[in-house]
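The structure appears below as structure tokens.
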Amino acid sequence: MKDKYPSIAEALNWAREKLHLGESPQVDAKVLLQHVLGCEPVYLLTWPERCLTELQWQQYQDLLEKREAGQPVAYLIGLRDFWSLSLKVSPATLIPRPDTEVLVEQSLKKIVNLADTEIVDLGTGTGAIALAIASECPLAKVYASDLREDAVQLARENASSLHLSEVDIRQGSWLEPFSGQTFDLIVSNPPYIDPQDPHLSQGDVRFEPISALTSEQNGLADIKHIIDTATDYLKAGGWLLLEHGYDQKQAVQQLLDKAGYSQIFTEQDYGGMDRVSGGCYLA
């Protein structure tokens, strides 16, 4: 007699059909079922005939309903992989995205003396950028800041769980918590979307904190603020690196040039879009 509840294979087939209008129904179906079962991906392939329990089936259906309504998978399972790290996420912060790893890559290229380098990540959110850099540069001194208390708490939790508690995470606006300090490298993925951008009403961003997404002046207000204030916090020859919108390269480069930065460059993301710009401050 067949069990009352579906097998792993049947549950996955049902989920893929339910999410067929989404961007990644197969991946979402697997990730959510792994979360419910508390298993690794190989388990789904090894035991496709095993049936879910009543509780597991109910939990899976509930998660699929929420995903079908547009809620991000990362928020549903409370985790997101970034770089080599598994990070806790919550609706208090943006969900780390693969393209932001380009900012980490470019940051690592600018670090010369690991044992004598001070780095700060502004608007850290989950702590993704700061913790990724710290994981690669254990001898560097890494700082981070975020305006929101709940984001700071989450970033500190991630630092602790990843055994990177030496990262100094402070609450405050951009560079304000670091009065009197100077850095070899300042990095940030600030809000850079125009508040009128129609994409804000589509996809996962509908559920993310709007304050972490949008900025006035066509998305450039926070970028400009960081560029202008960072000159007081950079050591001679220090670098500022910023993530920005795909169509903001020219504007960001102009802001960097006007503020006195040199060696200005832009790097593309994994999709070939202009995504990270930076400059060196010599004064």
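Here the Karplus relation 6.51 cos²θ - 1.76 cosθ + 1.60, evaluated at θ = phi - 60°, turns the backbone of region 248-254 into coupling constants of 10, 3, 4, 5, 5, 4, 5 Hz, with x for every Gly and Pro. For a straight C-alpha distance cut-off of 20 angstrom, the aspartates and glutamates reachable from K30 (same-chain residues fewer than eight places away being disregarded) are E10, E17, E40, E49, E54, D62, E65, E68, D81, D204. In angstrom, the C-alpha Rg and Dmax of region 57-176 are 15.5, 53. What residues have an amide H closer than 5 Å to that of G238, excluding those fewer than 5 places away on the same chain, when H is modeled at 1.01 Å from N in the peptide plane? Hits under the 5 Å cutoff: Y281. Taking amide H positions as modeled 1.01 Å from N, with prolines and chain starts lacking one, the residues under 5 Å from V89 and 5 or more places away or on another chain are L79, R80. Relative to the longest principal axis of the C-alpha atoms of the chain, give the angle of the C-alpha long axis of helix 8-18, reported between 0 and 90° and rounded to the nearest 10°. The angle comes out near 60 degrees. Overall shape: oblate for region 209-283, with the ratio a/c of the largest to smallest alpha carbon gyration tensor axis at 1.5 or above and b/c at least equal to a/b.
Note on region 131-186: Cα-Cα pairs beyond 15 Å make up 47% of the total pair count. The modelled label-to-label distance between Y5 and Q196, using points 7 Å beyond Cα along the C-beta direction, is 5.1 nm.
Show that you can apply the helix-only estimate: for the chain, add -39,500 (n - 2.57) for every DSSP H stretch of four or more residues, divide by all residues, and state [θ] at 222 nm to the nearest 500. Show your work: numbers first, answer last.
Values: 11 runs with 106 residues, N = 283.
Rounded to the nearest 500, it is -11000 deg cm²/dmol.
Under 15 Å of direct C-alpha separation, and excluding same-chain neighbours fewer than eight residues apart, K109 reaches these aspartates and glutamates: E101, E118, E136, D184, E267. In this model, which of K66/K249; K110/K224; K235/K258; K88/K141; K88/K235 are farther than 25 Å apart at the alpha-carbon? From K66/K249; K110/K224; K235/K258; K88/K141; K88/K235, over 25 Å: K66/K249; K88/K235.
Find how much the distance from T229 to L147 grows on full extension, using 0.36 nm per residue of separation minus their present alpha carbon separation; answer in nm with one decimal. Please list the in-between numbers first.
Numbers: separation 82, 0.36 × 82 = 29.52 nm, distance 1.62 nm.
Full extension from T229 to L147 adds 27.9 nm.
Annotation: amide H-H contacts under 5 Å for C39 (H modelled 1.01 Å from N, sequence separation of 5 or more, or interchain): none.
The GluC sites (Glu not before Pro) of region 38-89 that meet both conditions, a loop assignment by DSSP and at most 12 other Cβ atoms within 10 Å of the site Cβ, are E49.
Report relative contact order for the chain in percent, whole number only (criteria: Cα-Cα under 8 Å, sequence separation at least 6).
Working: 514 pairs, mean separation 39.3, N = 283.
Rounded, it is 14 percent for the chain.
Result for the chain in a Gaussian network model with C-alpha springs under 10 Å: among V89, V152, V27, the largest mean-square fluctuation is at V27.
Restricting the count to DSSP beta bridges whose residues both fall in the chain, what percent are antiparallel, rounded to a multiple of 5? Percentage antiparallel, nearest 5: 45.
Distance between Cα centroids, region 221-244 to region 258-283: provide it in whole Å. Comparing the Cα centres of region 221-244 and region 258-283, I get a distance of 11 Å.
Each reported figure results from applying straightforward, stated rules to the coordinates on display, with no laboratory input. Predicted model, so just to flag it, every value in this text is computed and none were measured. For neighbour counting, all protein chains shown are included, and Cβ atoms are generated from backbone atoms with ideal geometry for every residue, glycine included.
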